[in-house]
Amino acid sequence: MERSFKEEVELLKLGEGQTFRGEGILAVTKALLQSGVSYVGGYQGAPVSHVMDVLNDARGILDELGVHVESNASEAGAAAMLGASINYPLRGAVAFKSTVGTNVASDALSNLASAGVRGGTLLVLGEDYGEGSSIIQERTHAFAMKSQMWLLDPRPCLPKIVEMVEKGFELSEASSTPVMLELRIRACHVHGSFQAKDNVSPRNSKNSPIDHPDFDVGRIPLPPATYAQEKHKVEVRWPAAVAFIREHGLNEVFPGERQDLGILCQGGLYNAVIRALQLLGLADAFGGSRIPIYCLNVTYPLVPEDIVAFCRGKQQLLVVEEGQPAYLEEAVLALLQRHSVQGVRVRGKDVLPLAGEYTGEVVFTGMASFLGEAPRTEAVKSLKAKAAELLGAPLPTRPPGFCVGCPERPVFAAMKIAERTAGAFHVSADIGCHTFSALPPFNIGHTVLGYGLGLASNSAIQPMFGRRTVTVMGDGGFWHNGLTSGIANAAFNKDDGILVIMKNGYSSATGTQELPSSPQHSQWKAGDMAIERALAGVGVRWVKTVDNYRVGEVAKTLEEAMRTGYKGLKVIVAEGECQLERQRKLRPSLARDLAARRRVVQVKYGVDEDTCTGDHSCIRLSGCPTLTVKDNPDPLRRDPVATVIDGCVGCGLCGENAHAAVLCPSFYRAEVVQNPNILDRFVHFLRNFFNGTTVH
């Protein structure tokens, strides 16, 4: 894994009266155990990837409690797990990335929300919206409204997050409805403390199994039950949820002396709101605000009576709601109109941006505009300008790219080489590390439609081209959705395209979690699940496995796939272990060998300065961060020469590119021997002797 939590999970053992100090995701896990959860599942995805990492590292603790943990094949599989709570009083939780993961899980979630639940169900969703996001910019709120699932957005502090996890299960059971708990990226990584409670062994678990099955046809989402379920949502579950939220005070009101003004904000934005008020001199360092704040830790459903009571007597109300559409602002306007509340001017998207993340600066600027504090805003802008002047010119922008030694980089270099003979071809891309190929220096990949959907997105474009098109898919996407939605579909329809599967061994973009085809597995995972056998099982007959780092061989195989007379899907499995994961295994082993004074050989690559032409085509074909330029040592040559800096991991791509693309022969390969033996020293002596070098 990218990070081990084996030390931190000891905090999960804390009991009543002890103080937990740690990070948001670990606190969520502790809250699940304090709530008596019976089962937990999930699929990795930022910003909640390490929920599953923490759970896997805590299996000993979970086994003692009888809690079942499962890493699901997709978000749909995770959501379907919650079906255990439809018939039985089992508390269950799953975690995945939203909104893309919620979209994948939508079929299961719609059926779950329609049937309703007996045991509390909680979806821990990573609300990946804003500057740090890696996905399309959408919000979970629309899904909650569409399926009538309740949405929690806790104020980002550990006691409140833990409380909302625990109350989330109670709310789910009180209203027979699944509950979503969205965690923004800052909430996931916030640090703090809270008073722990004892972990609760679930009533039914692996240690205390269910005695007999329960059947109720009314819980099956088939007509006419679906009509009754919809009516039950609106007439029974929704009012029950509102009553529970109000009775238990899940939303918070922070009083203030300015009774003419009010602020209504999403819980996840409370910290940004209070910080903006502090900068404007309207709140103290302890969170005391001069302007009353209504903090929505539950953003759906709303509690009309509480909102109306908060707004009465106010002249202006600012709604701080991130993203579009402005669901909360429109709902508040409708509530005030319905309850005949006059004289309150509702502000929101007129002073705050229509879209984009509400960072501290964004909220401060909008708040200042709302309060008519333009001079203070100008003062802050002046301070920012002064700071920029003192810091100097900003660093040049650089697009994100592949890690040093990434095994996927050479495949795209091979594609650029193959284009010289095969001509330019359409490439349908996919979600994963390889999506970086769409950026310089490769600029490869014309569309991205969803995780594992690259080949499916290619099905209509392939027949429209005069030559074969290419799809790129990762092994994570292959097991997530690609095998069924793309490959089986292509084989069934006799598509004639080319698929390149990047087999780097892990779900790398989310933290190198294990896949069915990973090179090694944890003790609780099954091994020996090969991509090649899965391809053969769905009828793919043309399959070639290549070593990613052999650029010439990869280009040759791609050209062969373009020219072959075989009609049908052609699959190239480009195999090369994720270099980050490989280095994590090699470095401790290397350190042990060096400490024991055992012989160690490391490969390094470099550039002969006298041979380098200064053309830099090698850099344009590689894009490796460790292949860069330096001043030319020859005073008669002005062009800088290429050079390999210390971060090189010895993958050999630079030399492979130079050979495959017939570039200048300036790259050399060297073996650095540490703790040399007698033979190494003798060979070293002979080389220096015949080269006329003095031997020391």
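The values are calculated or read from the model by the stated rules, or taken from the named source; none is laboratory data. Fair warning: this is a prediction, and the values are worked out from it, not measured in the lab. Don't worry about glycine lacking a Cβ; one is built from the backbone with ideal geometry, like all the others, and counts go over all protein chains shown. In case anyone asks, the SASA skips ligands and DNA or RNA and just uses the protein heavy atoms, side chains included. Shrake-Rupley method; radii C 1.70, N 1.55, O 1.52, S 1.80 Å.
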Inset, instruction - Measure nothing but the geometry: give the 0 to 90° angle between the long axis through the Cα atoms of 158-175 and the longest principal axis through the Cα atoms of the chain, rounded to 10°. - result: 60
Inset, instruction - Calculate the length of the line joining the C-alpha centroid of the stretch 104-151 to that of the stretch 234-272, in whole Å. - result: 20
Inset, instruction - Could you tell me which of rounded, prolate or oblate describes the stretch 35-185, using a ≥ b ≥ c as the square roots of the eigenvalues of the alpha-carbon gyration tensor, with rounded for a/c under 1.5 and, failing that, prolate when a/b is larger than b/c and oblate otherwise? - result: rounded
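Ignoring ligands, DNA and RNA, please state the percent of accessible area on the stretch 443-539 from carbon and sulfur, probe 1.4 Å. Don't jump to the answer; show the numbers that get you there.
Numbers: 2240 of 3990 Å².
Its accessible area is 56 percent carbon and sulfur atoms.
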Legend entry - Residue-level accessible surface for Tyr566, protein heavy atoms, 1.4 Å, Å²: 70
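Averaging the inverse of every distinct alpha carbon separation and then flipping it gives the Kirkwood radius. What is it for the stretch 303-370, in angstrom units?
Details: mean 1/r = 0.0798 Å⁻¹.
Hydrodynamic radius (Kirkwood, Cα only) of the stretch 303-370 equals 12.5 Å.
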Legend entry - Principal-axis tilt of helix 579-595 within the chain, Cα atoms, nearest 10 degrees: 70
Inset, instruction - Step through the residues of the stretch 239-250 one at a time and calculate ³J(HN,Hα) from phi using the Karplus curve (6.51 cos²θ - 1.76 cosθ + 1.60, θ = phi - 60°), rounding each to whole Hz and writing x for Gly and Pro. - result: x, 5, 5, 4, 5, 5, 4, 6, 4, 9, x, 5
Legend entry - With DNA, RNA and ligands ignored, accessible area of Lys231 (1.4 Å probe; Å², nearest 10): 120
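In the chain, what % of DSSP beta bridges are antiparallel (nearest 5)? Don't skip to the answer; put the middle values down first.
Working: 25 of 82 bridges.
The antiparallel proportion sits near 30 percent.
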Legend entry - Cα gyration tensor category, rounded, prolate or oblate, for the stretch 7-63 with a/c compared to 1.5: prolate
Legend entry - Cα-centred dipole magnitude for the chain, charges only on beta-carbon of K, R (+1) and D, E (-1), debye, nearest 20: 840
Legend entry - Over 28 Å between alpha carbons, listed pairs Lys206/Lys503; Lys146/Lys206; Lys6/Lys206; Lys30/Lys585: Lys206/Lys503; Lys146/Lys206; Lys30/Lys585
Legend entry - Which of His480, His521, His339, His684 is most accessible, then next, and so on - probe 1.4 Å: His684, His339, His521, His480
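Could you give the length gained on full extension between Glu361 and His189, defined as 0.36 nm per residue of separation minus the Cα-Cα distance, in nm?
Values: separation 172, 0.36 × 172 = 61.92 nm, distance 1.99 nm.
So the chain would gain 59.9 nm between Glu361 and His189.
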Legend entry - C-alpha long axis of helix 409-422 to longest principal axis of the chain, angle in °: 60
Inset, instruction - Tally up the carbon and sulfur contribution to the accessible surface of the stretch 304-355 as a whole percent, 1.4 Å probe, everything protein left in place. - result: 48
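If I compute solvent accessible area with a 1.4 Å probe over the protein chains, what percent of it on the stretch 14-168 is carbon and sulfur? Don't skip to the end; give the middle numbers.
Working: 2020 of 4030 Å².
Carbon with sulfur: 50 percent of the solvent-accessible area.
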Inset, instruction - Would you work out if the stretch 245-374 is rounded, prolate or oblate? Take a ≥ b ≥ c from the square roots of the eigenvalues of the alpha-carbon gyration tensor; rounded if a/c is under 1.5, else prolate when a/b is larger than b/c, oblate otherwise. - result: rounded
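With the other protein chains left in place, how much accessible area per residue, in square angstrom, belongs to the chain at a 1.4 angstrom probe? If you can, show how the numbers build up before the last one.
Values: 31880 Å² over 696 residues.
For the chain, the per-residue accessible area is 46 Å².
With a cut-off of 8 Å between alpha carbons and a minimum separation of six or more residues, what is the relative contact order of the stretch 297-360 in percent? Mind showing how you got there, number by number?
Working: 55 pairs, mean separation 26.8, N = 64.
Relative contact order for the stretch 297-360 comes out at 42 percent.
Is it possible to state the helix-based mean residue ellipticity at 222 nm for the chain, with each DSSP H run of 4+ residues giving -39500 (n - 2.57), the sum divided by total residues, to the nearest 500 deg cm²/dmol? What is it?
Values: 26 runs with 247 residues, N = 696.
Calculated at 222 nm, the ellipticity per residue is -10000 deg cm²/dmol.
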Legend entry - Euclidean distance between Cα centres, the stretch 593-654 to the stretch 215-232, Å: 67
